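Here's the structure, in structure tokens; my notes come after.
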Amino acid sequence: MRRSSKWLLTGLLAAACVASWAKEASSIPWLDYEVFRGHIAALASDDFEGRKPGTAGEEKTVDYIRRQFAEAGLKPGHGTTFFQSVPLVEITAAPDTTLTFERTGNKRELKYAQDMVVWTKRVVPQSSIDNSPLVFVGYGIVAPEYDWNDYAAADIRGKTAVILINDPGFATGDPKLFRGRAMTYHGRWTYKFEEAARQGAAGALIIHDTEPAAYGWNVVATSWTGPQLDMASADGNAGRVAIEGWISNEAATSLFQLAGQDLTALKSAAVQRDFKAVPLDVRASVAVRNTIRRSNSSNVIGILPGSKRPDEYLIYTAHWDHFGRLQDKTGDAIANGAIDNATGVAGIITLARAFAHAAEKPERSIVFLAVTGEESGLLGSAYYADNPIYPLARTAAVINIDAMYAGGPARDIVVVGSGNSDLEDYLRKAAKQQDRVTSPEPTPEKGFYYRSDHFNFAKKGVPALYTKLGTDDRQHGRAFGQEQQEKYIAERYHQPSDQYSPDLDLSGSFQDLELMYRVGERVAAEKSWPEWYKNSEFRAVREGTDDQR
């Protein structure tokens with residue numbers, strides 16, 4: 001794109017003007033809309049086979065990113081190579097599995113993918129529970145900071161926990177209960193299984209419900225069936241429960257009827273601080289047969305060395321992986337992941353090109369990190385955070401780009417997990433230059449802050465920024481913008497329909513990409529360090545690393 005086609009601001013001060021929003025516009029040299037689109041089109045094409053780790057699609061994907069990083073002007077980010085090897089294990093559960101609930105001779109049989117999805121994270125050929133007593137443990141949360149323990153009166157060892165998704169604050173809307181409707185990590189499905197294992201349970205079944213889960217049963221059936229990736233731990237994940245899984249809300253209702261219990265009444269009881277776990281007098285049996293395959297996947301890492309403080313780092317991250325070919329689909333079964341997350345990878349490639357060609361080189365080093373295994377549980381970023389190439393204590397910030405929604409320019413940009421760090425102040429200042437404002441996420445109950453790769457860095461104390469395209473569409477208004485994003489989640493998220501099309505309007509997300517550049521430009525140039533806000537749950541971890549700088 002010719003420089004003459006770059007947008008022009010209608011005045012020198014953004015606060016006193018309104019920008020002329022052209023799709024191909026950017027006020028930053030080398031930040032090019034058509035380049036951005038081109039990378040999305042390539043990565044989301046059928047040639048990349050849905051970018052599933054451990055497949056030929058991975059080989060094409062990581063080689064593409066490596067070449068683009070090199071062409072942008074980055075140096076290899078891991079010694080002489082652009083790759084960090086990530087050991088993975090792939091476990092495929094046989095789809096003919098049946099989960100049976102039984103009470104005094106009465107049985108309910110649940111069908112795989114239709115009524116339930118179960119698996120084991122243990123790296124074994126077969127795992128099972130046999131006549132395991134079921135115990136309803138409410139939200140399955142142990143949180144001393146909230147004076148909450150759902151397991152306090154439960155005898156769960158060797159039994160199977162039946163658990164509600166999200167946390168009590170969501171169900172009640174009470175801002176004094178946990179964080180109100182904003183999900184805490186205790187509300188995430190990952191936490192539920194972790195806590196059940198800590199309590200000694202044999203199995204853990206989460207009751208699916210669309211609103212508190214933030215996605216429909218179709219996402220469960222797509223995301224948790226077929227080959228499942230996990231980290232290859234030394235003990236083969238022996239510490240996990242034998243059986244993990246989801247049951248549909250309809251199946252749960254039938255289960256509680258079998259138990260002579262009222263699920264609705266027990267849900268109401270579960271939001272009370274004095275809730276006690278309820279034995280259901282029902283036993284569960286299921287055996288999962290596994291096919292196991294070990295492999296190594298790759299994080300792709302490029303670095304632009306800092307001009308003055310090369311031993312201090314800013315990281316841009318995006319996950320390159322998606323689901324590949326879906327086994328339960330006929331016709332077009334490739335999950336191309338155009339929005340999720342060809343957009344993010346295209347974004348960091350485009351940013352790398354712009355920073356590498358900037359007239360003023362960044363004073364801190366900038367690392368561009370394309371990670372594997374996000375869709376399987378943030379695996380690549382977890383591996384990097386546990387095995388960092390560059391010290392996390394000397395990493396100033398992480399800016400994560402994941403699933404940049406299609407849509408036109410917006411008056412706002414959404415901060416996911418708002419109220420965490422002063423990176424939000426950096427973003428607010430940059431947004432003002434585009435005549436925009438920052439907004440808190442409209443659905444904090446969905447827990448998006450815990451569902452993408454920045455979370456693994458935040459847990460280690462590194463301030464992390466994660467944003468989404470605002471909902472206040474400049475042309476059509478807020479209701480329209482919200483409707484379009486909800487439509488994507490309902491119809492395309494984790495489905496083969498998440499495809500690239502020349503008709504996709506990505507101009508709004510491209511403006512967001514410019515904001516990501518401006519925030520990173522400031523972090524890379526300043527001597528001070530971004531900090532967590534005083535009330536952030538991650539602040540204490542960061543303060544413990546200050547003396548390592």
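The values are calculated or read from the model by the stated rules, or taken from the named source; none is laboratory data. The shown structure was predicted, so the numbers you read here are calculated from the model rather than taken from an experiment. Here the Cβ is made from the backbone with ideal geometry for all residues, glycine too, and neighbour counts use every protein chain on show.
Computed quantities for the displayed model
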| item | result |
| --- | --- |
| Among residues of the stretch 410-428, those that are within 16 Å of residue 514 (Cβ to Cβ) and without any contact (Cβ under 8 Å) to a residue 24 or more places away in the chain, counted | 1 |
| Residue identified as under 30 Å from residue 212 (Cβ atoms), assigned to a loop (DSSP other than H, G, I, E, B) and in contact with a strand residue (DSSP E or B) (Cβ under 7 Å, 6 or more places away or on another chain) among 408, 417, 461 | 417 |
| Where residue 34 falls short, out of the listed (1) over 26 Å from residue 223 (Cα atoms); (2) among the charged types (D, E, K, R); (3) touching a residue at least 60 places away in the same chain (Cβ under 8 Å); (4) assigned to a helix (DSSP H, G or I) | (3) |
| Cross-chain or 6+ apart pairs with Cβ under 8 Å, the stretch 151-174 first and under 13 Å from residue 139 (Cα atoms), then of a type in the set (Ser, Thr, Tyr) | 163/139; 164/139; 166/139; 167/139; 167/184; 168/139; 169/184 |
| Of the criteria (1) closer than 17 Å to residue 516 by Cα; (2) surrounded by 23 or more Cβ atoms within 10 Å (Cβ to Cβ), which one residue 321 fails | (1) |
| Filtered residue count, the stretch 31-77, keeping only those that are of a type in the set (Gly, Ala, Ser) and either buried (at least 20 other Cβ atoms within 10 Å of the Cβ) or not assigned by TED's automatic domain parsing to the domain that holds residue 405 (or both) | 6 |
| Selection count where residues are in contact with a strand residue (DSSP E or B) (Cβ under 9 Å, 6 or more places away or on another chain), outside any loop (DSSP other than H, G, I, E, B) and buried (at least 17 other Cβ atoms within 10 Å of the Cβ), scope the stretch 143-182 | 9 |
| Residue 64, sole failed condition from (1) out of contact with any Ser or Thr (no Cβ under 9 Å at 6 or more places or on another chain); (2) outside any helix (DSSP H, G or I) | (2) |
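So that you can scan it fast, the table gives a plain yes or no per residue for (1) in a helix (DSSP H, G or I); (2) crowded, with 17+ Cβ neighbours inside 10 Å; (3) out of contact with any strand residue (DSSP E or B) (no Cβ under 9 Å at 6 or more places or on another chain); (4) of a type in the set (Phe, Trp, Tyr):
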| position | (1), (2), (3), (4) |
| --- | --- |
| 489 | yes, yes, yes, no |
| 496 | no, yes, no, no |
| 500 | no, yes, yes, yes |
| 503 | no, no, yes, no |
| 508 | yes, yes, no, no |
| 512 | yes, yes, no, no |
| 518 | yes, yes, yes, no |
| 529 | no, no, no, yes |
